[in-house]
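K.L.:
Encoded as structure tokens, here's the structure I'll be asking about.
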Amino acid sequence: MALFLIQSIYAQEIIWLSNTPPASMKDNVRASGMHRLSALKKGDTKKKKVYKTNADSTKKFKRKKKKSSYSSYGAVTNYVQWIRKGNSIQKPAYICIDDSTDYQLKLISPTGNEEKIELVKSKNCYLKFELNEEGYYNAYLIIKKAIGDTLYINIAKAELLSHSCRNGHHKKLEARPVMHYPEITEFEIIRERHPWEDFHYFSSSGEKESYKAFYKDKVAENVKITLYTEKGWSKTMHTDKNGKVNVQFLQDYFSKWQELNKRKIHYYMLAAEYTVQDTNEYKGKTYPYVHYTLTMSDGYRPARTMYTSMVWGLIVFLTVTIVSIAGIFIYKERRKKPYKELKFDEH
């Protein structure tokens, strides 16, 4: 996996936010929440208590140390999103952004409040933030660059679900209505919610998801949207008059039944392109055209029918096996002849 230092972001490049860490950072992050978001591991920074040298206190100290080395939901947890370039999901290019690039970061909470988000510049750059409310957060990385008479705006967006079952289920957990924020970006795409959707919902292959494009708070027609999957499959679509496009995640992976994992996440990325003729001022100069590139990334799990069919197949197999064994046993029992002793009197 390559790491690039970007001196300037060009219009032709697709920039997007990813939940998958680079190989060199896998030991520093953990999966958290329903969507297995990347969260930084936290070491125990508290002063270590010295126990007497006996077996019980040693075990107690080890258990406490192991528990405190990971932050739990409800405590201060730093979540991260990685900046990626290009349309390859399988062979990612992780990038960093320097100060010469004109970029803006925004994080909006489920209740519409702006939260703190920062760019951490290190060997592997990433966006760092906290998710303290339950619901959907929206994170934005907005990059602007002028070329000729066109202003190019790249928007990398991440929709982040903050939820944990530790909060309990004393009430129905309905997903809050999806929001878009024209005051942050004039062009945006949202994923519409299903009527039955709650905080436990996760897309799966075979299901359809509906996305809607907006420009200046109005639906945008004929927006070019391309879907890229982890296995290299892609499909280009255009939004209809209502600004909608339906996406179906096909099953592009096939595993042996022993390897099936219903919690396995396969990632995808949506890239939308939209050019408008509209007067925009940027750094004291007016541009008659604006070209938007907006990306969203998320994941989907294997189709539920794969596991349902496996269960029914197993039930049918066990039923046939039990009936066959019982039939053979009954048949053999009925074929048995009782032992009879005959005595002959020769006189």
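K.L.:
Taking the stated definitions as given, is Ile89 in contact with a Phe, Trp or Tyr (Cβ under 7 Å, 6 or more places away or on another chain), closer than 17 Å to Leu17 by Cβ and part of a strand (DSSP E or B)?
P.N.:
On the way: in contact with a Phe, Trp or Tyr (Cβ under 7 Å, 6 or more places away or on another chain): yes; closer than 17 Å to Leu17 by Cβ: yes; part of a strand (DSSP E or B): no.
Against the criterion (in contact with a Phe, Trp or Tyr (Cβ under 7 Å, 6 or more places away or on another chain), closer than 17 Å to Leu17 by Cβ and part of a strand (DSSP E or B)), Ile89 does not qualify.
K.L.:
Which one is surrounded by the most Cβ atoms within 10 Å (Cβ to Cβ) among residues in segment 14-28 that are closer than 20 Å to Ile97 by Cβ and hydrophobic (A, V, I, L, M, F, W, C)?
P.N.:
Trp16
K.L.:
Within segment 196-220, work out how many residues are over 23 Å from the mean Cα position of the chain (by Cα) and surrounded by 15 or more Cβ atoms within 10 Å (Cβ to Cβ).
P.N.:
Quick first cut of segment 196-220, residues over 23 Å from the mean Cα position of the chain (by Cα) only: 215-220.
Then drop every residue that is not surrounded by 15 or more Cβ atoms within 10 Å (Cβ to Cβ), which leaves 215, 219-220.
Total meeting the criteria: 3.
K.L.:
Any chance you could count how many residues in segment 137-173 are modelled with pLDDT of 90 or more and farther than 30 Å from Asp278 by Cα? Walk me through how you get there before you give the answer.
P.N.:
Initial filter on segment 137-173 (modelled with pLDDT of 90 or more): 137-160.
Applying the additional criterion that residues be farther than 30 Å from Asp278 by Cα yields 160.
Selection size over segment 137-173: 1.
Results for (1) modelled with pLDDT of 80 or more; (2) part of a loop (DSSP other than H, G, I, E, B); (3) within 30 Å of Lys145 (Cα to Cα); (4) of a type outside the set (A, V, I, L, M), shown as yes or no for each residue.
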position	(1), (2), (3), (4)
Met237	yes, no, yes, no
Val245	yes, no, yes, no
Phe254	no, yes, no, yes
Thr279	yes, no, yes, yes
Ile322	yes, no, no, no
Gly327	no, no, no, yes
Ile330	no, no, no, no
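K.L.:
Let me ask you something else. Can you name every residue in segment 97-135 that is at pLDDT below 90 and not in a loop (DSSP other than H, G, I, E, B)?
P.N.:
Once the filter is applied, which keeps residues that are at pLDDT below 90 and not in a loop (DSSP other than H, G, I, E, B), segment 97-135 yields Ile97, Gly135.
K.L.:
If I go through segment 74-85 residue by residue, how many of them are surrounded by 15 or more Cβ atoms within 10 Å (Cβ to Cβ) and modelled with pLDDT under 90? Explain how you work it out, then say what you get.
P.N.:
Step one: of segment 74-85, the residues surrounded by 15 or more Cβ atoms within 10 Å (Cβ to Cβ) are 77-85.
Within this subset, residues satisfying the condition of being modelled with pLDDT under 90 are 77.
Matching residues across segment 74-85 total 1.
K.L.:
Next question. Please go through segment 174-198 and pick out each residue that is basic (Lys, Arg) and modelled with pLDDT under 90. First the steps, then the outcome.
P.N.:
Residues of segment 174-198 that are basic (Lys, Arg), as a first pass: 176, 191, 193.
Of everything in segment 174-198, those that are basic (Lys, Arg) and modelled with pLDDT under 90 turn out to be Arg176, Arg193.
K.L.:
Looking at segment 29-60 only, could you name the residues that are at pLDDT below 50, closer than 24 Å to Thr77 by Cβ and surrounded by 12 or more Cβ atoms within 10 Å (Cβ to Cβ)?
P.N.:
Asp44
The values are calculated or read from the model by the stated rules, or taken from the named source; none is laboratory data. Just so we're clear, the structure is a prediction, and the values are computed from it rather than from any experiment. Note: ideal-geometry Cβ built from the backbone for every residue, glycine included; neighbour counts use all protein chains shown.
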